[in-house]
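Contents: one structure, followed by commentary.
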Amino acid sequence: MEMNEPVVAVFSPSVKSLYSTAVLEMLHRRGVRVGLVVIRRMFTPSRVRQELRRDGFRLVRKAYKKLILRERTSAASGPSIRNAVSEQALGEGDLRRTCRRLDVPFMVVSDLNSDPVVDALRQLEVRCVVSTGGGLLREPLLEATGLGVLNCHMGILPQYRGMDVVEWAALYDDWGGIGLTTHLMDRGVDTGPILQIHPVPIAGTSTFTALRQRLHAEMPDQIVSAACGLLDGTIIPAPQKKSDGRQFFIIEPALHELAEAKLRAAAKSRA
Amino acid sequence: MPTLVVKEVDRSSEIVHFADEHQIIRSGSRTLTWERGQERWELPFPSAIAQRLLGRSRMARRALRWDKCNVVPAQDGNRLIVVLGGSVYEVDADAGTWRPTLALRQCRNVLHQSIARRGSTLVFGEYGANPERESVPVHCSRDDGRTWQPVFEFEPGSARHVHGVFWDPHTSTWWVSTGDFNGECHLQRLSETFEPLQRIGDGSQLYRTCFLWFTPTHVYWTMDSQLETTFAVRLDRSTGVVERLQAMPGPVWYAKALTDGVFLAATACESGPSVRGPFAHLYASGDAQTWHEVARFPHDGLPRRWFKAGVLGFADGEQSSTDFWMFGEALRGIEGQAWRCTLAQAPSPAHDPGLSASSRGLGLAQSAIVEASWPGSIADLEGQKPSFRRATIPGLVALTTSSDAVRRPWARALMRFIAVRKDQIRPRFMTRWPSQADREAAALVISVVLLQTSIRERDPRYLNAVYSLDAAKVLPRVRWSDRLGPALSLAPATRLAGHVRAVIASLEAETSEGTWR
């Protein structure tokens with residue numbers, strides 16, 4: 001793909017997102033023209049409120065893990081997005097710096113669905129948005145691009161929609177149900193047309209933390225290859241039926257524990 | 001495939017002997033209760049002083065077998081035929097008199113449903129320990145229990161005792177099943193006038209049974225053997241070929257054919273190599289060939305020799321799968337109680353043995369809801385779009401016994417509400433039900449609805465929602481202080497909380513052992 005071909009935008013949940021940085025760098029390396037990076041402000045009252053409503057106390061744990069324990073997870077051996085980023089020299093760990101280096105315009109916003117973002121996408125005639133997080137997107141934004149907004153879901157669609165689907169698949173002993181699915185976003189939760197499915201074998205991975213790190217490490221490559229395929233027409237989105245799958249919600253600690261015990265047993269038998 | 005729904009729990013009746021749409025005969029605390037239409041009789045057993053004193057204790061009644069008797073309603077007058085303490089009585093309910101009509105040779109009473117009736121003819125065989133293997137008589141009354149004559153005798157050494165006598169309407173013959181040990185288990189066919197016609201079986205455990213079902217082409221039974229693996233069995237009438245159909249986890253003492261073509265069988269939890277685990281299992285079948293486990297009840301742990309094996313029994317009389325009675329002995333949850341039940345059609349957990357324990361727990365939870373006497377009205381929910389905001393306690397109570405089709409959309413809406421509004425569960429409950437008692441009742445009944453759906457649809461998301469309710473502290477805990485009420489009994493809501501928590505615990509255990517797929 002040559003430069004100056006269709007414009008792509010990248011949505012990022014924060015300036016520190018390694019996933020966003022990796023995606024931006026990989027798109028650039030593959031010659032995709034990124035016309036805009038939209039970064040969501042890390043702390044805004046509405047975001048905290050929204051995420052607190054969604055995650056409850058788990059948000060505190062999540063923030064602690066992400067912000068305080070970042071060094072520790074990065075030091076963990078085995079595949080992780082941090083290791084992937086450092087091995088492949090994918091960006092600096094600060095999205096704004098990467099944008100400046102690659103000469104990609106960026107805007108930092110409180111809400112990805114805000115009018116300035118929609119207007120910018122329309123103005124730039126963005127063909128597709130590669131979303132690396134930042135919350136639910138509303139209809140005006142979803143309709144502001146030619147091809148749509150891509151998302152890489154950490155689960156196999158259409159069976160496993162929603163939250164904590166790695167754990168839910170394990171609870172079902174559905175080891176083929178773990179992986180990544182790149183799809184176009186629509187109004188529903190993970191119900192948009194599917195671009196590609198990438199099952200990930202659990203192999204000897206015996207904890208969800210490690211399994212999620214493995215999946216996370218593969219997400220940039222998956223979403224970038226799907227974006228390229230969508231742009232060059234080699235991947236045709238396959239619509240989902242609502243009845244093809246179920247929406248899952250945050251798993252409670254007791255079931256999480258049972259799922260992890262199942263994962264341990266499965267990993268042991270596969271090791 | 002069916003699951004058990006408890007409609008009524010009768011804690012005062014140890015046995016329901018007979019029930020149909022006109023009458024019900026129960027016994028408990030050594031008193032017979034007969035209700036027929038608007039009439040009701042209470043008939044205390046004839047008892048010695050020691051029986052009157054000791055008989056007040058269920059434990060004593062259990063240990064001394066003083067709860068046991070057999071009752072058949074007479075066809076004319078207000079009379080009952082009762083087998084009790086080694087005698088057969090004709091009981092005049094109006095006068096309250098017990099007239100002995102027959103002294104039994106070897107036993108105090110017989111197995112439930114083992115007395116056959118054809119018109120005014122009643123027939124039964126003696127069921128005693130018979131250590132000397134004396135001859136075993138079959139008695140007949142041709143005047144509806146007023147007088148008795150021996151009509152057949154199993155020769156000495158040929159049988160320990162008779163398990164049951166059954167009338168075969170297709171060949172107009174009597175069938176008598178015998179037991180217990182090898183060489184003693186046969187099916188003896190007798191003519192209408194009790195002439196011996198045929199002795200079927202080689203005496204092995206295959207022919208040891210307590211109940212027979214007849215079709216024009218086959219005779220079906222379930223084995224009652226604690227010595228060999230129990231099977232559902234079929235005899236081809238034309239060829240005489242006996243076929244083992246399906247293995248069961250223990251000997252079947254009691255079984256029943258319901259009027260709508262459903263068959264029930266209950267395995268007993270006794271001691272022996274064929275008994276797989278400490279449970280009595282309730283099975284249902286639509287054809288007497290393929291059996292599905294509906295519920296299981298664990299033995300209550302008291303020594304079986306003294307305090308009985310764990311047994312589920314059924315009431316005689318015409319009942320359907322939507323309304324039948326069963327009772328339990330030495331089984332946790334149903335010990336010394338009678339339950340009026342229905343079989344709800346639902347995806348069965350029968351193929352996953354683990355999930356049945358949760359189904360049993362749900363049966364107990366439902367019985368606690370019935371006992372709590374919370375009002376139930378599905379009309380509250382009809383025409384309403386399912387949502388937490390529109391749920392009412394009567395509506396939720398009615399949901400627990402409604403069909404899957406009615407319950408499913410409400411369960412889904414409640415589950416989604418709980419999942420999406422996780423941090424608002426408690427405030428929403430407090431707004432919706434300001435009284436703590438109402439709030440606890442609502443949370444418990446919602447939990448039962450969610451657990452039912454979780455089990456029937458094999459979907460752990462509903463179980464997850466129950467955990468969320470618990471985490472939000474709307475689901476009451478079982479408080480030890482609640483156990484200190486009158487007679488140390490638990491309040492209904494507390495008992496329900498205990499059952500709900502037991503179902504959660506068994507689902508947890510089953511999730512570790514089995515799969516939800």
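With the highest mean first, a sort of the peptides B:190-201, B:506-517 on other beta-carbon atoms found within 10 angstrom per residue produces B:506-517, B:190-201.
Across chain A, the longest piece that holds none of the chymotrypsin sites (Phe, Trp or Tyr not before Pro) lying in DSSP loops with up to 11 other C-beta atoms within 10 Å covers A:58-271. Helical runs (DSSP H, four residues minimum) scored at -39500 (n - 2.57) apiece and divided by the length of chain A put the mean residue ellipticity at 222 nm at -12500 deg cm²/dmol. With a 10 Å cut-off around each Cβ of A:168-175, the average count of Cβ atoms from other chains is 3. Once the mean of 1/r is taken over each pair of separate Cα atoms and inverted, the range B:264-307 shows a Kirkwood hydrodynamic radius of 11.5 Å.
Here the spin labels are modelled as points 7 Å beyond Cα on the Cα-Cβ line, and at B:Ala405 and B:Thr97 they lie 5.7 nm apart. Roughly what angle does helix B:460-471 make with the longest principal axis of chain B, taking Cα atoms, 0 to 90 degrees, to the nearest 10? In chain B, helix B:460-471 runs at an angle near 60 degrees to the longest axis. One compactness figure for the range B:83-161 is 1.12, namely its Cα radius of gyration divided by 2.2 N^0.38 Å. A Förster radius of 56 Å combined with the Cβ-Cβ distance from B:Trp306 to B:Arg428 puts the calculated FRET efficiency at roughly 0.60. Taking every Cα-Cα distance in the range A:74-231 and sorting them into 5 Å bins from zero, the calculated P(r) comes out as 2, 8, 16, 19, 20, 17, 12, 6, 2, 0 percent. Placing dummy labels 7 Å off each Cα toward the beta-carbon, the span from B:Glu371 to A:Ala89 is 7.4 nm.
With r as the distance between the Cβ atoms of A:Arg96 and A:Arg49 and R0 = 41 Å, compute the FRET efficiency 1/(1 + (r/R0)^6) and round to 0.05.
Numbers: r = 25 Å, r/R0 = 0.61.
With R0 = 41 Å, the Cβ-Cβ based efficiency is 0.95.
Averaging 1/r over each pair of different alpha-carbon atoms in chain A and inverting the result gives 19.0 Å, the Kirkwood hydrodynamic radius. With respect to chain A, whose longest principal axis is taken over its alpha-carbon atoms, helix A:45-55 is tilted by about 30°. Charged neighbours of B:Ser191, selected by a Cβ distance under 13 Å, balance to -1 (K, R count +1; D, E count -1). Footprinting exposure proxy ranking of B:Ser172, B:Ser141, fewest other C-beta atoms within 10 angstrom first, gives B:Ser172, B:Ser141. Over chain B, the Kirkwood radius and the radius of gyration, each from Cα atoms, give a ratio Rg/Rh of 1.00.
Where the convex hull is taken over the Cα atoms of the protein assembly as shown, what is its projected area averaged over directions, in nm²? Quarter of the Cα hull surface area: 40.0 nm².
Using C-alpha pairs below 8 Å separated by at least 6 residues, the relative contact order for the range A:7-270 is 22 percent. Angle of helix B:355-372 to the longest C-alpha principal axis of chain B, folded into 0 to 90 degrees and rounded to 10: 80°. May I ask you to derive the FRET efficiency for B:Leu64 and B:Arg142 from their Cβ-Cβ distance with R0 = 41 Å, giving the value to the nearest 0.05? That pair, B:Leu64 with B:Arg142, gives E of 0.75.
Count, for each residue of B:452-461, the Cβ atoms from other chains sitting within 10 Å of its Cβ, then give me the mean as a whole number.
Numbers: counts 0, 0, 0, 0, 0, 0, 1, 2, 9, 9.
Mean partner-chain Cβ count within 10 Å for B:452-461: 2.
Averaged over the residues of A:253-259, the number of partner chain Cβ atoms lying within 10 Å of the residue Cβ comes to 5.
Separation of the range B:95-141 and the range B:203-242, taken as the distance between their Cα centroids, equals 23 angstrom. Convex hull volume per residue, computed on the Cα atoms of the range B:368-489, equals 110 Å³. Exceedance of the 32 Å cut-off in Cα-Cα distance is limited, within the set A:Lys262/B:Lys473; A:Lys16/A:Lys241; B:Lys385/B:Lys473; A:Lys16/B:Lys422, to A:Lys16/A:Lys241.
The slack between B:Arg276 and B:Gln246, meaning 0.36 nm per residue of separation minus the straight C-alpha distance, is 9.3 nm. Label-to-label distance, B:Thr515 versus A:Lys62, with points set 7 angstrom from Cα along the beta-carbon direction: 3.1 nm. Based on Cα contacts under 8 Å between residues 6+ apart, chain B shows a relative contact order of 11 percent.
Read-outs: derived from the displayed coordinates by stated rules, not from any lab. Quick caveat: nothing in here was measured; it's all calculated off a predicted structure. Backbone-built Cβ (ideal geometry, glycine too); neighbour counts: all protein chains shown.
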